[in-house]
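Trainee: A single structure is presented below for examination.
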Amino acid sequence: MVIVLKEHPNERQLEKFMQWLSGMHVEARITKGEHQTIMGLVGDTSRIDMDLIRALDIVEDVRRIQEPYKNANRKFHPDDTIVNVGGVPVGGGNFQIIAGPCSVESEEQIVYVAKRVKAAGATMLRGGAFKPRTSPYSFQGLHNEGLRLLSIAKKETGLPIVTEIMDANHIPMFEDVDLIQVGARNMQNFELLKELGQIRKPILLKRGLANTMEELLMSAEYIMAGGNNQVILCERGIRTFETYTRNTLDISAIPILKSRSHLPVIVDPSHAAGKSNLVKPLSMASVAAGVDGLIIEVHNDPPHAMCDGQQSLTPEAFEDVVKQVSHLREALKEG
Ligand code: PEP
Ligand code: MN
């Protein structure tokens with residue numbers, strides 16, 4: 001961290017500030033110029049509040065030169081992390097496709113979709129039991145019953161299951177879930193993230209609707225600081241001024257997150273696009289950009305889905321996406 005002091009800083013205030021810094025276990029190295037004094041902080045500055053420093057009378061400007069996230073940072077962990085989801089590896093060259101309906105609706109539906117997506121090449125099953133809906137009058141998910149039905153589909157197909165958690169009090173109910181999803185709306189629910197840091201189950205952390213990549217990495221840091229290193233990052237589109245899509249898929253997030261962090265990065269083209277016909281091109285673009293996996297909504301009868309039918313693929317359309325994606329992956333390997 002570099003601090004630029006105002007011209008002729010008050011000596012007493014400067015001394016007090018230096019004392020405070022030494023209490024924070026960082027060393028301050030001062031360089032005096034003709035008009036400006038610059039202070040370089042050496043040590044672990046991750047716990048130092050930049051805004052607090054910026055507000056001091058003697059301070060002109062503050063800059064971080066080191067990222068505030070440590071556990072998620074590739075600098076301190078150069079090798080790719082491979083997250084093991086019920087025996088299925090994600091990251092470090094292991095590409096996986098998660099597929100299934102937005103929400104679990106019935107036993108017949110989830111078991112049927114699970115079988116179809118497995119046959120097409122999916123390696124994990126998704127399905128919401130607790131749904132974060134904009135309207136309190138919309139279908140909220142089958143809750144406990146949804147989790148039970150997912151377990152049945154897992155038994156029938158052997159696919160590990162992925163589902164969203166919205167409340168830390170529900171953690172004990174997620175015993176049989178292989179990958180716990182933190183949805184976009186809860187990316188900064190810090191108390192939930194802290195609780196998920198205490199368990200030893202993989203977490204799928206989705207980027208918030210209007211959050212920066214650094215904020216996403218800081219949320220991963222919340223989970224990892226508790227000792228749970230099994231985190232998968234997910235780009236799912238961010239809010240922009242564009243109205244032809246539900247969100248705007250931030251393709252640049254793939255190479256940037258992968259260079260800044262060792263964690264696997266997957267893309268959700270379904271929530272990014274909001275339209276089923278865009279799922280294939282966005283999947284292809286993500287694969288070309290080096291993503292470690294995809295999470296795609298697939299429904300047995302999209303026009304009658306209880307949630308997100310407009311963006312859900314039929315099992316046939318999903319088969320086509322998987323085929324095209326695998327052709328592209330082969331072509332990229334050869335190239
Ligand atoms: C979902 O995966 O069904 C979902 C609600 O996603 P997001 O949190 O990205 O909107
Ligand atoms: Mn959905």
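The values are calculated or read from the model by the stated rules, or taken from the named source; none is laboratory data. Source: prediction; values computed, not measured. As a convention, Cβ positions derive from the backbone with ideal geometry for all residues, glycine included, and neighbour counts pool all protein chains shown. Keep in mind that these areas ignore ligands, DNA and RNA; they rest on the heavy atoms of the full protein, side chains included. Shrake-Rupley method; radii C 1.70, N 1.55, O 1.52, S 1.80 Å.
Trainee: Give the lysines whose C-alpha is closer than 22 Å to that of residue 6, dropping any in the same chain fewer than 8 places away, or say none.
Mentor: Correct list for residue 6: 16, 32.
Trainee: Residue by residue, what Karplus-based ³J(HN,Hα) values in Hz, rounded to whole numbers, does segment 267-280 have, using 6.51, -1.76 and 1.60 with θ = phi - 60° and x for Gly and Pro?
Mentor: Per-residue couplings from phi come out as 10, 10, x, 5, 6, 5, 7, x, 9, 5, 6, 9, 5, 5 Hz.
Trainee: Summarise the accessible area of segment 240-287 (1.4 Å probe, protein heavy atoms) by the percent that is carbon and sulfur.
Mentor: Numbers: 1250 of 1970 Å².
Roughly 64 percent of what the probe reaches on segment 240-287 is carbon or sulfur.
Trainee: Over segment 239-335, give the accessible area per residue in Å² for a 1.4 Å probe, as an integer.
Mentor: 45 Å²
Trainee: Using 0.36 nm per residue of separation minus the Cα-Cα distance, give me the extension gain between residue 256 and residue 18 in nm, one decimal.
Mentor: Stretched fully, the residue 256-residue 18 segment lengthens by 82.1 nm.
Trainee: Tell me, what HN-Hα J-couplings in whole Hz come from the Karplus equation 6.51 cos²θ - 1.76 cosθ + 1.60 at θ = phi - 60° for each residue of segment 327-333, using x for Gly and Pro?
Mentor: Residue by residue, segment 327-333 yields 4, 5, 5, 4, 4, 5, 5 Hz.
Trainee: Also: In nm, what is the difference between 0.36 nm times the number of residues separating residue 190 and residue 155 and their Cα-Cα distance?
Mentor: Between residue 190 and residue 155, full extension yields an extra 9.3 nm.
Trainee: Give me the distance in nm between label points sitting 7 Å out from Cα along the Cα-to-Cβ direction at residue 240 and residue 55, one decimal.
Mentor: 3.5 nm
Trainee: Let me ask something additional. Rolling a 1.4 Å sphere over the protein heavy atoms, what is the accessible area per residue of segment 78-134, to the nearest Å²?
Mentor: 36 Å²
Trainee: What is the calculated FRET efficiency for residue 289 to residue 10, with r their C-beta to C-beta distance and R₀ = 35 Å, to the nearest 0.05?
Mentor: Given R0 = 35 Å and the Cβ-Cβ separation, E is 0.10.
Trainee: Same structure again: For residue 298, what residues show an amide H to amide H distance below 5 Å, using hydrogens built from the backbone and excluding near sequence neighbours?
Mentor: When sequence neighbours closer than 5 places are left aside, the close amide H contacts are 100, 102, 313.
Trainee: Also, quick follow-up: Using a Gaussian network model on the chain with a 10 Å cutoff between Cα atoms, which of 296, 251, 232 fluctuates the most?
Mentor: For the chain, modelled as a Gaussian network with Cα springs under 10 Å, the answer is 251.
Trainee: Using amide H atoms built 1.01 Å from N in the peptide plane, name the residues 5+ places from residue 60, or on other chains, whose amide H lies under 5 Å from its own.
Mentor: Amide H neighbours of residue 60: 4, 5, 6.
Trainee: From the helices alone, meaning DSSP H stretches of at least four residues, give me the mean residue ellipticity at 222 nm for the chain, per-run term -39500 (n - 2.57), in deg cm²/dmol to the nearest 500.
Mentor: -10000 deg cm²/dmol
Trainee: Given a cut-off of under 8 Å on Cα pairs at least six residues apart, what relative contact order in percent is computed for the chain?
Mentor: 16 percent
Trainee: For residue 155, go through the lysines and keep the ones whose alpha-carbon is under 30 Å away, minus same-chain ones fewer than eight residues off.
Mentor: Cα-Cα hits under 30 Å: 115, 118, 131, 201, 206, 280, 323.
Trainee: Related question: Taking only Cα atoms and a 10 Å spring cutoff, compute GNM fluctuations for the chain and point out the largest among 46, 312, 103.
Mentor: 46
Trainee: To the nearest Å, what is the center-to-center distance of segment 1-45 and segment 46-61, using C-alpha atoms only?
Mentor: Value for the Cα centre distance between the two parts: 10 Å.
Trainee: A follow-up question, please. Looking only at 291, 322, 265, which one moves most when the chain is put into a Gaussian network model with springs between Cα atoms under 10 Å?
Mentor: Evaluated over the chain, the most mobile residue of the options is 322.
Trainee: How far is it, in nm, from the label point at residue 84 to the one at residue 332 when both lie 7 Å from their Cα along the line to the Cβ?
Mentor: The answer from the label model is 2.6 nm.
Trainee: Say R0 is 30 Å: what FRET efficiency, to the nearest 0.05, do residue 301 and residue 77 get from their beta-carbon distance?
Mentor: Efficiency, rounded to the nearest 0.05: 0.10.
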